[in-house]
Amino acid sequence: MLDVQRVTMAFGGVMALDDVSFTVEAGALYALIGPNGAGKTSLLNCIDHFYHPTSGRILYKGRNLVELTPHEIARLGVGRTFQNIELFRGMTVLDNIKLGRNVHYRTGVLAALAYWGRARDEDLRQRAWIEREVIDLLEIEDIRDEVVGNLPYGLQKRVELGRALAMQPDLLLLDEPTAGMNVEETEDMVRFVLEVRATWGTTILMIEHDMNVVMDISTRIAVLDFGRKIAEGTPAEVQRNERVIEAYLGAPAVESR
């Protein structure tokens, strides 16, 4: 599904990514972990071409994403959520989610402005899909007409996930989906992510700092530190890796006698 090949990204003299390579198989839930500033978000930004890598290739279903624009990548089926919520706070939940469905609209600009005939029929059809597949899945029927800016943080994160899901992505990039959430909100978000993978068959590449979440739901993990990949493997293998323990996880506490 995704093949990251020797990606390097430099900001002046700062090396954000240094020769990073890994492969994400179709249907996997692949996690990127590492300390703050390790280059995790920079890598996601390279995948959807918010950043242009200094060198390397990023292949998605055989297409080199480095050669494409962000909107072309979205049309190929790559969806994204962000570390900091990037919603339109003055718009409703439904309208924010509908924006993610834009890649599937085939109506021209003039027909959309007139909102008549085929344009209106398509809008109603796409809206029905969102209500059936996204709003029901995320259990947000009761807030669909609420203005996003009035919602608590946890629900805003859920709406942002809904906007990404409205794209019906084959590859979903999640940047810290449970950051800032309480225990109940985290459990809900994990449940939604697992349901998307199980029912839609979506491949997921996730950045996450909650190690309980990472170790419980990931199929494979890569660890970054100072822009370099220092380890990769199953959750059990990563937990036992001495370089990962030293750089990020920390050694288990030793009980005093």
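Since every read-out is calculated from the coordinates, none of them should be taken as a lab result. Please read all numbers here as calculations on a predicted model, not as lab measurements. Cβ: placed from backbone, ideal geometry, glycine included. Neighbour counts: every protein chain shown.
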Highest GNM mean-square fluctuation among V238, V14, V213, for the chain with Cα springs under 10 Å, belongs to V14
Normalising by the residue count of the chain, find the relative contact order in percent from Cα pairs under 8 Å and 6+ residues apart.
-> 28
Gained length - H52 relative to V103, 0.36 nm times residue gap less alpha-carbon distance = 16.1 nm
Based on DSSP H runs of at least 4 residues, each adding -39500 (n - 2.57), what is the mean residue ellipticity at 222 nm of the chain after dividing by all its residues, to the nearest 500 deg cm²/dmol?
-> -10000 deg cm²/dmol
Comparing R120, R163, R144 in a Gaussian network model of the chain (Cα, 10 Å), the one with the largest mean-square fluctuation is R120
In degrees between 0 and 90, to the nearest 10, how far off the longest principal axis of the chain does helix 118-130 point, with axes built from Cα atoms?
-> 40
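Under 37 °C and 0.692 mPa s, how fast does the chain diffuse according to Stokes-Einstein, given a Kirkwood radius computed over C-alpha pairs? Answer in µm²/s, whole number. Write down the numbers at each step before the final one.
Working: Rh = 19.4 Å.
My calculation gives 169 µm²/s for D.
Rounded, prolate or oblate: which fits the stretch 9-69 when a ≥ b ≥ c are the square roots of the eigenvalues of the alpha-carbon gyration tensor, with rounded for a/c under 1.5 and prolate only if a/b beats b/c? Show your work: numbers first, answer last.
Numbers: a/c = 2.12, a/b = 1.20, b/c = 1.77.
Taking the square roots of the gyration eigenvalues as a ≥ b ≥ c, the stretch 9-69 is oblate.
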Tell me, what is the FRET efficiency for D145 and E25 to the nearest 0.05, using R0 = 35 angstrom and their Cβ-Cβ distance as r?
-> 0.30
Quick one: Kirkwood hydrodynamic radius for the stretch 39-94, alpha-carbon pairs, angstrom, one decimal?
-> 12.6
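Can you compute the charge dipole magnitude of the chain about its Cα centre, using +1 on each Lys and Arg Cβ and -1 on each Asp and Glu Cβ, nothing else charged? Give it in debye, rounded to the nearest 20. Mind dumping the intermediate values first?
Working: 28 positive and 38 negative charges, 178 e Å.
With only Lys, Arg, Asp and Glu charged at Cβ, the dipole is about 860 debye.
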Name the most mobile residue of H209, H49, H71, meaning the one with the largest mean-square fluctuation, in a Gaussian network model of the chain with Cα contacts below 10 Å.
-> H71
Acute angle (nearest 10 degrees) that the helix 153-166 long axis makes with the longest principal axis of the chain, alpha-carbon atoms = 70
Label zone at W200, where the point sits 7 Å out along the Cα-to-Cβ direction: the stretch 148-173 residues whose backbone N lies under 18 Å | 155-173
Burial ordering of K157, K61, fewest other beta-carbon atoms within 10 Å first = K61, K157
